[in-house]
1. Consider VAL164 carefully, then state whether it is at pLDDT below 95 and either buried (at least 16 other Cβ atoms within 10 Å of the Cβ) or farther than 22 Å from GLY125 by Cα (or both).
2. Among the residues of the stretch 225-239, how many are aliphatic (A, V, I, L, M) and surrounded by 17 or more Cβ atoms within 10 Å (Cβ to Cβ)?
3. Looking at (1) under 21 Å from MET121 (Cβ atoms); (2) touching a strand residue (DSSP E or B) at 6+ places or on another chain (Cβ under 9 Å); (3) surrounded by fewer than 16 Cβ atoms within 10 Å (Cβ to Cβ), which one does MET152 not meet, given that it meets all the others?
4. Go through the stretch 187-212 and give me each residue that's within 21 Å of ASN175 (Cβ to Cβ) and aliphatic (A, V, I, L, M).
5. If I ask for residues that are of a type outside the set (S, T, N, Q), within 17 Å of GLY161 (Cα to Cα) and surrounded by fewer than 17 Cβ atoms within 10 Å (Cβ to Cβ), which ones from the stretch 195-223 would you list?
6. Which ones in the stretch 120-147 are surrounded by fewer than 19 Cβ atoms within 10 Å (Cβ to Cβ) and touching a residue at least 60 places away in the same chain (Cβ under 8 Å)?
Amino acid sequence: LQHRSRDAHGCSEVNIRNNSVKPDQHRSYPCSYKDCNGKELLPVLCPYCEKHFCLRHRHQSDHECEKLDTPKPQMAATQQLVQHIIGKYNSKKNEEAKSKKRKGAKNSETAAKVALMKLKMHACGDKSLPQTERIYFQVFLPKGNKEKSKPMFFCSKWSIGKVVDFAASLASLKNDNNKSTSQKLRLCHTASGEALPFEHTLETWLSNKDYPLYNGGNIILEYLDNDVLFIEDTESYFS
């Protein structure tokens, strides 16, 4: 009876159980993240890089895991997509503008052909000019003038400056273009509003690809300051 208890007779089962539950007081697991001095009593392993970390750095993003799949930046791709969309939009707009311009030019050309027959009956000009060199316009006169417009014809070989001088004399307009004044009498395109350069010839603008003048079409005479290159509201001359 004296040795019946497990402790009294040094039972081997007790020694095994005691050894298995006794914690290792001297073992610790230092954190592998850069300069971190943290330690854990139990191993905290990253399942991806298989290194030990403290609880603070246990997640992949916290310890900048070498196995971390960082999402690819989408900004460049997004910008490229935006530029592609804008490019397609601008291209479509340009095509629409070109189509509209072609349609407008075609309408202007057709209208000029119809008007040409009437202009030939009533236009005033130099009667000595050969018929093959005559170019007819409905000339809209400067704002404030008593007469709104006047049909005229000119020589296709004349410079714009000579056309302006001749038109001014036919319409009895004040013309100080040969003087150093703040304003000049200019010949302006009805579609673009551009003041045509004096040194250009009339036939140059008849063959212009972007904004041609048409035999039988409209043209504007207006006084403009020397630094003004075009008329903003051309439609107001026809209303």
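The values are calculated or read from the model by the stated rules, or taken from the named source; none is laboratory data. These figures come from a predicted structure and were not determined experimentally. Positions of Cβ are backbone-derived with ideal geometry, glycine not excepted, and every protein chain shown enters the neighbour counts.
1. no
2. Going through the stretch 225-239 one residue at a time, the tally reaches 1.
3. Among (1) under 21 Å from MET121 (Cβ atoms); (2) touching a strand residue (DSSP E or B) at 6+ places or on another chain (Cβ under 9 Å); (3) surrounded by fewer than 16 Cβ atoms within 10 Å (Cβ to Cβ), the lone unmet condition for MET152 is (3).
4. LEU187, ALA195, LEU196, LEU202
5. Selection gives PRO197, PHE198, GLU199, HIS200, GLU203, LEU206.
6. Scanning the stretch 120-147 gives PRO142, LYS143.
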